[in-house]
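J.: Before we start, here is the structure in question, set down as structure tokens.
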Amino acid sequence: MLSINDLYGRKVYVPKKAKKKKGVEPDEIKLGKLGKVHMAVFSPDGREVVGFLVTRPDIVGMVKRADAFLAWDSFRILDGLDDAARKRLGVDWDSCVMWEGMDAKTASGKKLGYVSNADFDAKTGRVGSFFVGDGGVARALVGTFQIPASMVKGYSNGCMIVKDAAANIELGGGAAAK
């Protein structure tokens, strides 16, 4: 499984239109930098990675530009890809969720921490599990809950809602476990 944290900060390049010389085909594809991956986008039920948001550099270092959307199955960006990718994937953009950094709690209301990572299958986009913990230092010391995507019930009031059984998952990783 691939981890979304492995993709954060990675540069995304786009093919540039090569200048054609009369009667000569370009012999190599030129690439231009689009930006860097900074956020994962999940389907509304939290079971699939839909794609990633790519931060684009400011124009002349001063004018902010909108993020670009990179579909999970297309690690290549083309002009107009955002809408085409969403349509191809059958995604209702307004219903999608950025789970990372969101609080997670059980259906009965027990707070578990916040979503810090997820792993997913790079061939299908299917999420294997979400990692929920209390923050960097706590995560390093005590670890995280590895909650299977099948336990995600949905979104409510700014929180990921998971099945009550997720509260029984033991913490994994961290110095305490070692």
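J.: Calculate the FRET efficiency for Asp92 and Ala165 from the Cβ-Cβ distance with a Förster distance of 25 Å, rounded to the nearest 0.05. Could the numbers behind the result be given before it?
T.: Working: r = 29 Å, r/R0 = 1.15.
Efficiency, rounded to the nearest 0.05: 0.30.
J.: Could you order Tyr155, Tyr13 by accessible surface area, starting with the largest, using a probe radius of 1.4 Å?
T.: Working: Tyr155 130, Tyr13 100 Å².
Most to least solvent-accessible, the answer reads Tyr155, Tyr13.
J.: A follow-up question, please. Out of residues 5 or more away from Leu34 or on other chains, whose amide H comes under 5 Å of its own, with H placed 1.01 Å from N in the peptide plane?
T.: Close amide H contacts, sequence-distant or interchain: Val12, Tyr13, Val14.
J.: Heads up, I need the accessible area for Val91: 1.4 angstrom probe, whole protein in place, Å², nearest 10.
T.: 30 Å²
J.: Can you give me the distance in nm between label points at Asp103 and Ala66, each placed 7 Å from the Cα along the Cα-to-Cβ direction?
T.: Taking the simple label geometry, Asp103 and Ala66 are separated by 3.1 nm.
The values are calculated or read from the model by the stated rules, or taken from the named source; none is laboratory data. What you are looking at is a predicted structure, and each value in this text was computed from that prediction instead of being measured. When we count neighbours, we look across all protein chains shown, and the Cβ atoms used for this are built from the backbone with ideal geometry, even at glycine. Side chains are part of the model used for accessible areas, which takes the heavy atoms of the whole protein and leaves out ligands, DNA and RNA. Shrake-Rupley method; radii C 1.70, N 1.55, O 1.52, S 1.80 Å.
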